[in-house]
Amino acid sequence: MKKLNLRNLKESKQKNLQMLTCYDYQTALLLNNTDLDLILVGDSLGNVILGYETTIEVTLDDMLVFAKAVRRGALDKFLIVDLPFGSYSTINQGIHSATKLFQASKCEAIKLEGAFPYQLKLIERLTQTGIPVMGHIGLTPQSVHQLGGYFKHGKKEDDAQRLLKEAQSLQDAGCFAVVLEMVEEPVAARITQELKIPTIGIGSGKKTDGQVLVINDLLKLGRENPPKFCVPVADLYQLKKDLIEKYLINQRS
Ligand code: KIV
């Protein structure tokens, strides 16, 4: 499958884009040999790889280590890397962090959460300097404390209107795509209809232009159950546990 670029991505409305997260070299090599469209080195690595309670603890240096590992394995995929919490609190800091991440990881794009006016300005500046940006609205985990928890967004009309406006502003600022996380399905559908750029949903129903999942949830690599919206394709936690227990029994017999 041919590697995507920004020109064909912008034309990917209704193309059912599939994006998965990835955090390590071996999985990146595997995904590189599938027809997956996009790989995201998400700051969800804070939860599923580093065992943090929230993504707030993830640093730019953490992201660099994992992004470089994934890049080495997935040379033929369009790679997007998250800007972590605290690395884009001002426009200047955001330009500095995004430039470092983009240059050192050799990714094709970065992703950042939110659509406040300073973030829109930052996106404008980044795209003008040649760094493609994916937006992310709805549930933005880096703001979990400010939001007051993890919950579905767009239930009330004023909230839906705000999301619609944010998505439009992200498009106007130059984002090539926008992640809609935990957005009510009808609102995600409305945003998808109104935007020219593709929307990529997670926990936002089926009417977006694409879907993203955390690979650890899809494969059930962890002990805990994945979020309700993710139907795992396997239970690799149990499988690995069984195999290791069998190995230990054999070793000791
Ligand atoms: O960090 C992440 O994995 C993400 C996806 C859930 C969109 O931002």
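Among the residues of segment 121-142, are any open to solvent by 40 Å² or more (accessible area, probe 1.4 Å), under 23 Å from Thr54 (Cβ atoms) and either small (Gly, Ala, Ser) or assigned to a helix (DSSP H, G or I) (or both)? Spell out the reasoning first.
Taking segment 121-142 first, the residues open to solvent by 40 Å² or more (accessible area, probe 1.4 Å) are 121, 124-125, 127-130.
Checking which are under 23 Å from Thr54 (Cβ atoms) leaves us with none.
Within segment 121-142, none of the residues are open to solvent by 40 Å² or more (accessible area, probe 1.4 Å), under 23 Å from Thr54 (Cβ atoms) and either small (Gly, Ala, Ser) or assigned to a helix (DSSP H, G or I) (or both).
Only one of Leu221, Leu239, Leu248, Leu243 is more than 12 Å from the ligand (Cβ to nearest atom), at negative phi, open to solvent by 20 Å² or more (accessible area, probe 1.4 Å) and part of a loop (DSSP other than H, G, I, E, B); which?
One residue alone meets the criteria, Leu221.
All but one of (1) touching a strand residue (DSSP E or B) at 6+ places or on another chain (Cβ under 7 Å); (2) more than 22 Å from Gln211 (Cβ to Cβ); (3) crowded, with 23+ Cβ neighbours inside 10 Å hold for Tyr88; which doesn't?
If we test Tyr88 against (1) touching a strand residue (DSSP E or B) at 6+ places or on another chain (Cβ under 7 Å); (2) more than 22 Å from Gln211 (Cβ to Cβ); (3) crowded, with 23+ Cβ neighbours inside 10 Å, just (1) comes out false.
Sort through Thr199, Thr208 and tell me the only one that's surrounded by 15 or more Cβ atoms within 10 Å (Cβ to Cβ), within 16 Å of the ligand (Cβ to nearest atom), closer than 21 Å to Pro232 by Cα and not basic (Lys, Arg).
Numbers: Thr199 fails: closer than 21 Å to Pro232 by Cα.
Among Thr199, Thr208, only Thr208 is surrounded by 15 or more Cβ atoms within 10 Å (Cβ to Cβ), within 16 Å of the ligand (Cβ to nearest atom), closer than 21 Å to Pro232 by Cα and not basic (Lys, Arg).
Of the residues in segment 150-175, how many are more than 19 Å from the chain's Cα centre (by Cα) and either within 16 Å of the ligand (Cβ to nearest atom) or open to solvent by 80 Å² or more (accessible area, probe 1.4 Å) (or both)?
Matching residues across segment 150-175 total 8.
Scan segment 97-113 residue by residue and report those that are crowded, with 19+ Cβ neighbours inside 10 Å and more than 12 Å from Val133 (Cα to Cα).
Start the filter on segment 97-113 by keeping residues that are crowded, with 19+ Cβ neighbours inside 10 Å, which leaves 97-98, 101-102, 105, 107-113.
Within segment 97-113, Ser97, Leu101, Ser105 qualify.
I'm trying to understand the selection: among the residues of segment 34-83, which are outside any helix (DSSP H, G or I) and either open to solvent by 40 Å² or more (accessible area, probe 1.4 Å) or of a type in the set (Phe, Trp, Tyr) (or both)?
Taking segment 34-83 first, the residues outside any helix (DSSP H, G or I) are 34-44, 49-54, 58-59, 74-83.
Listed by number, the residues that qualify are Thr34, Asp35, Ile49, Leu50, Gly51, Tyr52, Glu53, Thr59, Leu75, Asp76, Phe78.
The values are calculated or read from the model by the stated rules, or taken from the named source; none is laboratory data. Since the model is a prediction, treat every value here as computed from it, not as a measurement. Quick reminder, even Gly has a Cβ in these numbers, built from the backbone with ideal geometry, and neighbours come from all protein chains shown. Side chains included, ligands, DNA and RNA excluded: accessible areas come from the protein's heavy atoms. Shrake-Rupley method; radii C 1.70, N 1.55, O 1.52, S 1.80 Å.
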